[in-house]
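S.K.: Can you read through this structure? Questions will come right after.
We did not get these values from a lab; they are worked out from the coordinates using the rules stated. What you are looking at is a predicted structure, and each value in this text was computed from that prediction instead of being measured. Neighbour counts are summed over all protein chains in view; Cβ atoms, including those assigned to glycine, are modelled from backbone coordinates with ideal geometry.
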Amino acid sequence: MDSEKSGFQSIDEYIASFPKPIQELLQRVRETVKAAAPRATEKISYQMPTFDLHGNLVHFAAAKGHIGFYPTPSAISAFQDELTRYKGAKGSVQFPFDQPLPLDLITRMVKFRVEENEAKAAAKSKKKK
């Protein structure tokens with residue numbers, strides 16, 4: 001299981017492993033994701049805090065100088081105009097420690113991913129019937 005590789009058993013444990021200022025940023029991202037996806041469950045996957053709803057929803061992690069947010073390539077593409085000021089890659093974006101977290105943008109990206117995962121789950125259950 002992924003958590004065994006990382007050594008972290010929970011998101012609380014992951015967050016506690018960082019200095020206080022970073023813990024606060026991670027906790028704000030966590031609370032924002034929870035509010036945007038209240039039915040999602042928390043776990044450690046790929047050695048990162050992860051929210052799951054019919055599969056992985058989003059991941060986030062602290063890295064050198066930034067919070068990495070991993071909402072999948074589809075969300076990065078859907079919000080690319082708003083993400084141009086941040087470094088990122090196909091499925092990730094970096095929110096620098098020295099800038100305010102874009103909590104509204106994170107909320108909208110998470111809600112986008114909830115809709116996406118719920119649509120996939122609904123399509124799968126229709127196929128089974």
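S.K.: Which of the pairs 87/126; 87/127; 34/64 have their Cα atoms more than 30 Å apart in this structure? It would help to have the intermediate numbers written out before the result.
M.R.: Numbers: 87/126 39 Å; 87/127 39 Å; 34/64 24 Å.
With Cα atoms farther than 30 Å apart: 87/126; 87/127.
S.K.: Moving on to the next point. Quickly work out the residue 24-to-residue 124 label distance, labels modelled 7 Å from Cα along the C-beta direction, and quote it in nm with one decimal.
M.R.: 3.9
S.K.: Which links in 43/111; 90/124; 20/43 stretch past 24 Å when you go from one Cα to the other? List each step's numbers first, then the result.
M.R.: Details: 43/111 18 Å; 90/124 26 Å; 20/43 21 Å.
The pairs that break the limit, which is 24 Å between Cα atoms, are 90/124.
S.K.: Quick one: length gained pulling residue 84 to residue 31 fully straight, 0.36 nm per residue minus the C-alpha distance?
M.R.: 16.7 nm
S.K.: Here is a further query. How big is segment 2-98 in terms of Cα radius of gyration and Dmax, in angstroms?
M.R.: 13.0, 38
S.K.: A further question follows. For the Cα atoms of the chain, what angle does the longest principal axis make with the long axis of helix 20-36, in degrees from 0 to 90, nearest 10?
M.R.: Around 20 degrees separate the two axes.
S.K.: Roughly how big is the chain's charge dipole about its Cα centre, with Cβ charges of +1 (Lys, Arg) and -1 (Asp, Glu), in debye to the nearest 20?
M.R.: Values: 20 positive and 15 negative charges, 127 e Å.
With Lys and Arg at +1 and Asp and Glu at -1, about 600 debye.
S.K.: How high is the relative contact order of the chain, given as a whole-number percent (alpha carbon pairs under 8 Å, six or more residues apart)?
M.R.: Dividing the mean separation by the residue count of the chain yields 22 percent.
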